[in-house]
Amino acid sequence: MASLLIVDDRKTNLDVLKHLLSKQNKHTILTAASANGALKIMECQPVDVVITDLIMESADAGILLLSKIKRRYPATEVIVITGLDDDRLAEQAKKEGAYEFLLISYDLPKLPFTVENALKKRLLEKKYIAECLDPIVGKSKAIQELKSRILKYAPRDCTILISGETGVGKQLFAETIHKLSKRSDGPFQEVYCPALPNELIEYELFGILPNCVPQVKERTGMFEYAQGGTIFLDQIESASLSAQSKILKAIEEKRIKRIGDNQWKNIDVRIIAATNEDLEPLCEKKLFRQDLYHRLKGVTLSIPPLRERKDDIELLANHFLRIHNRNEATHVKSMSKQAIVFLVQQDWRGNVRDLRNEMWPAVINCDGDELTVKDFTALNSKPSNGGSALEKEIGAHTETLHEWNALIIEIVLTKHNGSIIKTCTELDINRGVLYGLIKKYDIDLKRIRAKK
């Protein structure tokens, strides 16, 4: 059952509209005699469709109410109904987000059908929202609050900063925001800043004209590729100060300039940035621009580590169990209670990504239809205490091929103090492949170089 709210400062009109709607529709119908009264009702309970008069306590009361509703509750549909046949007002109402603009003298009989159509649209949107939020798995209070904030900020075109440790799912949150935004039909461009050397990041972000830099071809920047959509700047703290300056200009002035170009290009791009570090200390050390930080932090989503939301572990483990079953054609149906307790007791230094990676070998190891503690061979083999630093480092990784590859790459990078060229030489791979592997395994290149 849906909830409708009729707003009019004349009781006779309220009674007529309520009777008309209750006659053909079985919905909860609320009434308010003023715009302020309507907003107070909406603060206390959800409303699917608002039907409001245009002129109430002031000539523009209906338009102002419409504007406030769409700003605070963007998913709520608003139908404006009035006795004024004014194309200018109808156009203004549509611009503010009205679902429909109806004239009492002509359109009153079709109001119930208009309301039903608005509710169908609302139902489809609810289904789409549920599908978009579904990959963000968790029942903890923290996750529920984050989902609520995503629904609040995604439809607005504001810049968002997502913070959290490695492996908590910052990219997933960014993609969800994009899908729930007005830009969902546009591109989603991800830029993994640590994979781009300082001398290349500006070329990648903003583009470059031909013959500007030796051996660097003309290219279109990611901001241009993201036109009409969203650009996701992952680990933005790794961007050079020069690039940060241009990112700030892109946010504030909505324009960019290719390297070597004198002409500015207007852009229509939403920026979502992510960091796994506290940016304030970096600002104090002059390693991150303070003005950019203040511009980004207006809307911040802080994703807590998995160890702080133990309630989510069972749900996540079952989620990954289903995914691995599908991908590996296995048929593991469930986990034992002991296995769940065992997983909850782990510290999950790699957060959600770590849990996902541990579930894969466990599903492969399982001979029955229920995962038990013994199936988590990698977790069981971790040393509880003692051992050399190297043994502890190796023991912290599972024995799958991919995870050993990640460990080898990190060891070689550390050996060469984070030098890409020397690491590529020793591993006999090219730079593009190495950067791809660094991104895939989420290796903290900045931390490795800081040990020099």
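The set of residues in the range 81-109 being aliphatic (A, V, I, L, M) and in a loop (DSSP other than H, G, I, E, B) consists of LEU84, ALA98.
The single residue among LEU200, LEU205 that is closer than 27 Å to LYS446 by Cα and crowded, with 20+ Cβ neighbours inside 10 Å turns out to be LEU205. Screening LEU196 against (1) closer than 20 Å to LEU248 by Cα; (2) within 13 Å of the chain's Cα centre (by Cα) leaves a single unmet condition, (2).
Going by the structure shown, is LYS246 among the basic types (Lys, Arg), in contact with a strand residue (DSSP E or B) (Cβ under 9 Å, 6 or more places away or on another chain) and under 16 Å from TYR203 (Cβ atoms)? Break it down stepwise before answering.
Numbers: among the basic types (Lys, Arg): yes; in contact with a strand residue (DSSP E or B) (Cβ under 9 Å, 6 or more places away or on another chain): yes; under 16 Å from TYR203 (Cβ atoms): yes.
So LYS246 fits the description; yes.
All conditions in (1) exposed (fewer than 15 other Cβ atoms within 10 Å of the Cβ); (2) modelled with pLDDT under 80; (3) at negative phi hold for GLY387, with the sole exception of (3). Taking the criterion of being in contact with a Phe, Trp or Tyr (Cβ under 8 Å, 6 or more places away or on another chain) and over 27 Å from ASP53 (Cβ atoms), the only residue of the range 102-144 that qualifies is ILE136.
Beta carbons closer than 7 Å, at least 6 apart along the sequence or on distinct chains, never pair a first residue in the range 87-109 that is among the β-branched types (Val, Ile, Thr) with a second that is part of a helix (DSSP H, G or I) and surrounded by 18 or more Cβ atoms within 10 Å (Cβ to Cβ). Taken over the range 8-59, the criterion of being within 21 Å of ASP107 (Cβ to Cβ) and of a type in the set (Asp, Glu) is satisfied by ASP8, ASP9, ASP15, ASP48, ASP53. Specify the residue that is surrounded by the most Cβ atoms within 10 Å (Cβ to Cβ); the eligible residues are those in the range 239-283 that are among the basic types (Lys, Arg) and in a helix (DSSP H, G or I). Out of the qualifying residues, it is LYS246. If I filter the range 176-186 for residues that are crowded, with 19+ Cβ neighbours inside 10 Å, at pLDDT 90 or above and either among the aromatic types (Phe, Trp, Tyr) or over 16 Å from ILE271 (Cα atoms) (or both), do I get at least one hit? No, the range 176-186 contains no residue that is crowded, with 19+ Cβ neighbours inside 10 Å, at pLDDT 90 or above and either among the aromatic types (Phe, Trp, Tyr) or over 16 Å from ILE271 (Cα atoms) (or both).
The values are calculated or read from the model by the stated rules, or taken from the named source; none is laboratory data. Values in this document were obtained by computation on a predicted structure and should not be read as measured data. Reconstructed Cβ throughout: ideal geometry from the backbone, glycine too, with neighbour counts over all protein chains shown.
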